[in-house]
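The values are calculated or read from the model by the stated rules, or taken from the named source; none is laboratory data. Keep in mind it's a predicted model, so treat the numbers as computed, not measured. Please note: Cβ atoms are built from the backbone with ideal geometry, for glycine as well, and neighbour counts cover all protein chains shown. SASA here: full protein model, heavy atoms, side chains in, ligands and nucleic acids out. Shrake-Rupley method; radii C 1.70, N 1.55, O 1.52, S 1.80 Å.
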Amino acid sequence: MVDCSFIVAMYNRQHTIDRCLDSIVYQRTGRTFEVIVVDDQSTDSSLEIVKGWQERHPGLIRVFSNPEKGVAKAKNL
């Protein structure tokens, strides 16, 4: 059971997604948490970067691809 879930809606953020995930994953709160990243059909390498984070941190980061474009739909997913 996790204490907190971070939900990150992402679209074309290849230049900033590393910094975002780094700030979440390496915080020192002592709490258990998960990171849920919802890709909103990015056309850059954002999704590949996040999948790399998921491979390095199994069980901590979950990645979903939004089949319908739109930030509201990504957040609802």
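Miscellaneous remarks
- Charge dipole (debye, nearest 20) of the chain; +1 at Cβ of Lys and Arg, -1 at Cβ of Asp and Glu: 180
- Summary: within the chain, the longest segment free of trypsin sites (Lys or Arg not before Pro) located in DSSP loops with at most 10 other C-beta atoms within 10 Å is 32-68.
- The calculated FRET efficiency for the pair Ser5 and Asp44, based on their C-beta separation and a Förster distance of 30 Å, comes to about 0.75.
- Helix 46-56 and the longest principal axis of the C-alpha atoms of the chain enclose an angle of approximately 30°.
- When the solvent-accessible area of the chain is split by element, carbon and sulfur atoms take up 51 percent of it, the probe being 1.4 Å.
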